[in-house]
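The values are calculated or read from the model by the stated rules, or taken from the named source; none is laboratory data. Since we're looking at a predicted model, the values are computed, not measured. Reconstructed Cβ throughout: ideal geometry from the backbone, glycine too, with neighbour counts over all protein chains shown.
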Amino acid sequence: MYSLKTRILRIVLAWVVTLTMVLPIYFWITVSIKRDKDVFVLPPKLFRFEPTADYFKAVLLDISPVEQSIESRGALGFSGGGITYMVPRLVDSIIIAVGSTILVVTIATLAAFALSRIHFRAQHHFVYLILSTRMLPPVAVAIPLFLTYKTVGLYDTHLGVILAHTVMNIPLAVLLLKSFFDDVPLEIDEAAIIDGATYWEIFRRIILPTMRTGIAATAVLCFIFSWTEFLFVLMLTATGLKTVPVATSAFVTSTGTQWGSLAALGVAALIPAFIFILLVQKNLVRGLTMGSLKQ
Amino acid sequence: MRLSMPRFMISEHPFPWLFPLIAMLLVFAVFPLAYNIYLSFHEFAIAKRSLVFVGWENWLKLFSDTRLYNALVINITYTVVCLTVQLVLGFLIALLLDTDEKGFGVMRALFSLALVIPPAVTGMMFKMMEDPQFGMIAWALEKLHILSREVPILATSELALAGVMIADIWQWTPFITLIFLAGMRGLPKEPFESAVIDGASQWKITTRFTIPMLSKVIAVAVLIRGIDLFRTFDYIYVMTSGGPGIQTYTLSFYTWKQFATSLKWGYGATLSLLALIIINVAATVLIKLAKIKW
């Protein structure tokens with residue numbers, strides 16, 4: 001249909017666009033393995049630099065930059081001080097993301113089943129109510145939660161953040177799962193009901209087994225949105241815990257920003273999320289649009 | 001066994017299925033909303049260290065607050081500019097990538113990379129790249145004779161907002177691209193093939209077929225992205241902290257400032273309700289007009 005020249009032109013152009021898009025990420029990865037002398041120079045050193053694992057060691061293994069710079073005879077020259085060991089922050093992130101994902105997927109699976117299979121009055125209004133939760137500005141929820149958490153002792157706890165993230169992901173999870181469940185034809189239910197099955201049995205024996213990929217895709221997206229969330233963690237925690245996004249802002253110290261450590265933490269946090277999202281490529285768009293667009 | 005239970009407790013009734021969700025929403029969505037409404041009629045008195053009833057004062061203040069006006073203008077500018085750029089760029093890139101040719105699957109996968117980076121991290125990343133002393137973007141702009149490096153992007157009134165928008169556009173254009181791509185892949189092939197046979201130009205095919213057929217996809221993209229753009233906070237917080245001055249105070253950031261720095265809990269709550277009302281009205285209109293269904 002198209003000539004060879006157009007085809008080649010298209011491939012070249014597509015790669016140029018894609019690589020331009022990926023360039024900031026690539027650059028960021030190089031910052032995590034470059035020494036300061038290679039970071040703070042222009043033109044930026046994208047390929048020709050001496051790689052170092054010092055920042056990853058500091059962030060992930062708690063080998064202090066001072067010790068390292070003594071070993072490497074001061075060549076490291078960390079800018080800024082402060083704490084760089086970030087494994088506890090990664091653990092906080094994992095606890096919160098996993099906890100809220102399990103909670104939201106459980107709640108949403110049950111609710112989505114009812115919304116998809118059982119007809120009841122005002123169903124449309126209920127769906128719209130769930131959707132409008134998505135329109136709540138996080139700050140509108142965070143202010144009352146902050147004040148309430150302070151009095152009930154949930155402030156600065158994992159559980160407090162887990163609950164906030166659960167609510168944040170409810171609209172996505174419910175609407176997406178409903179769209180998956182709607183794929184199973186209602187005739188199957190009718191046949192099962194004639195055979196004497198209850199809704200619980202339909203849920204257990206038909207919906208859950210056939211919708212495993214849909215539930216997994218929902219879980220992955222909820223995980224990612226919790227993993228990247230910023231405002232709730234900022235407002236609902238103090239010193240007890242910090243997730244990765246909030247911890248990154250802590251690298252900005254009065255004596256400068258520790259770009260290398262910041263980049264290393266960012267890269268470490270990016271890898272699991274990217275692997276997860278690759279696993280659900282097939283359902284990604286459906287998930288991002290909360291089930292309103294099917295692929 | 002089943003007969004001995006009240007009817008709404010058995011699995012044939014929707015209630016047991018919806019109960020956990022309703023409980024969650026009551027505690028974490030309805031209650032905060034009610035609390036916000038309560039707060040909006042009160043204000044935290046620092047001297048007394050307690051909430052004092054102030055009546056409609058916070059609501060009336062909305063009409064005379066020039067900072068709020070400033071924040072709304074910034075919010076609308078931010079939302080409209082980012083949305084437009086993301087839609088146009090996203091659409092063009094989707095057109096480019098919409099083919100069964102080998103290798104394009106890899107590119108599509110690479111495009112989902114940006115979506116998993118926390119916006120706060122993206123903000124830091126672009127803050128570094130826009131740094132006048134060692135930033136890649138600042139350097140490239142100088143080389144292209146667009147902007148001298150003596151002008152710090154994020155610290156200059158006229159440029160700070162654009163500096164933040166670059167990060168948002170970079171991170172979320174792929175989101176739009178992926179949505180459009182899925183939409184395009186789902187379109188029937190026949191009308192396009194016959195249009196090509198009839199000798200229609202690529203431009204005509206795009207404007208007469210692709211865009212109208214994707215109208216629902218576009219509406220969904222505008223809805224979801226629009227809501228998030230209007231609530232922007234993370235980029236502002238890490239990149240400019242609202243500065244220089246109040247040049248990048250979005251509504252969310254202004255609300256947060258009122259709450260966290262000025263300790264105006266009541267007014268902060270009023271502002272967050274205002275944001276909710278605006279988003280809800282705009283979204284409802286869009287959903288009705290575009291007939292988006294869930």
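Considered as a group, the residues in the stretch A:235-254 that are facing chain B (nearest Cβ under 10 Å) and part of a helix (DSSP H, G or I) include one that is surrounded by the most Cβ atoms within 10 Å (Cβ to Cβ), and that residue is A:PRO245. Restricting attention to the stretch B:238-283, the residues that are more than 15 Å from B:ILE74 (Cβ to Cβ) and facing another protein chain (nearest Cβ under 8 Å) total 12. Here B:GLU193 meets each of (1) assigned to a loop (DSSP other than H, G, I, E, B); (2) loosely packed, with under 14 Cβ neighbours inside 10 Å with one exception, condition (1). Within the stretch B:269-283, is there a residue that is over 20 Å from B:THR66 (Cα atoms) and not in a helix (DSSP H, G or I)? The answer is no; no qualifying residue exists. Just wondering, is there one or more residues in the stretch B:177-185 that are under 17 Å from the mean Cα position of the chain (by Cα) and not hydroxyl-bearing (Ser, Thr, Tyr)? Taking every residue of the stretch B:177-185 in turn, at least one turns out to be under 17 Å from the mean Cα position of the chain (by Cα) and not hydroxyl-bearing (Ser, Thr, Tyr).
When you look at A:ALA216, is it touching a residue at least 24 places away in the same chain (Cβ under 8 Å), surrounded by fewer than 23 Cβ atoms within 10 Å (Cβ to Cβ), of a type outside the set (Lys, Arg) and touching an Asp or Glu at 6+ places or on another chain (Cβ under 7 Å), yes or no? For A:ALA216, the condition - touching a residue at least 24 places away in the same chain (Cβ under 8 Å), surrounded by fewer than 23 Cβ atoms within 10 Å (Cβ to Cβ), of a type outside the set (Lys, Arg) and touching an Asp or Glu at 6+ places or on another chain (Cβ under 7 Å) - is not met. For the stretch A:248-281, a tally of residues being farther than 23 Å from B:VAL238 by Cβ and without any contact (Cβ under 8 Å) to a residue 60 or more places away in the chain returns 4. Please tell me if A:THR151 is of a type in the set (S, T, N, Q) and either within 7 Å of chain B (Cβ to nearest Cβ) or crowded, with 24+ Cβ neighbours inside 10 Å (or both). Spelling it out, it is not the case that A:THR151 is of a type in the set (S, T, N, Q) and either within 7 Å of chain B (Cβ to nearest Cβ) or crowded, with 24+ Cβ neighbours inside 10 Å (or both). Elements of the type helices (runs of 4 or more DSSP H) sitting completely within the stretch A:1-108 and holding at least 1 residues that are modelled with pLDDT under 80: these cover A:36-39, A:65-71. Comparison of A:ALA197, A:ALA192, A:ALA164 shows that the only residue that is under 29 Å from B:LEU26 (Cβ atoms), aliphatic (A, V, I, L, M) and within 13 Å of chain B (Cβ to nearest Cβ) is A:ALA164. The residues on offer are A:LEU115, A:LEU131, and the sole one that is among the hydrophobic types (A, V, I, L, M, F, W, C) and facing chain B (nearest Cβ under 7 Å) is A:LEU131. Scanning the stretch A:94-112 for residues that are within 23 Å of A:TYR155 (Cβ to Cβ) and touching a Phe, Trp or Tyr at 6+ places or on another chain (Cβ under 6 Å), which turns out nearest to the other protein chains (Cβ to nearest Cβ)? Top of the filtered list is A:ALA97. Residues that are facing chain A (nearest Cβ under 10 Å) and aliphatic (A, V, I, L, M) were ranked within the stretch B:38-60; the one that is surrounded by the most Cβ atoms within 10 Å (Cβ to Cβ) is B:LEU39.
State yes or no: is B:THR79 among the β-branched types (Val, Ile, Thr) and crowded, with 17+ Cβ neighbours inside 10 Å? For B:THR79, the condition - among the β-branched types (Val, Ile, Thr) and crowded, with 17+ Cβ neighbours inside 10 Å - is met.
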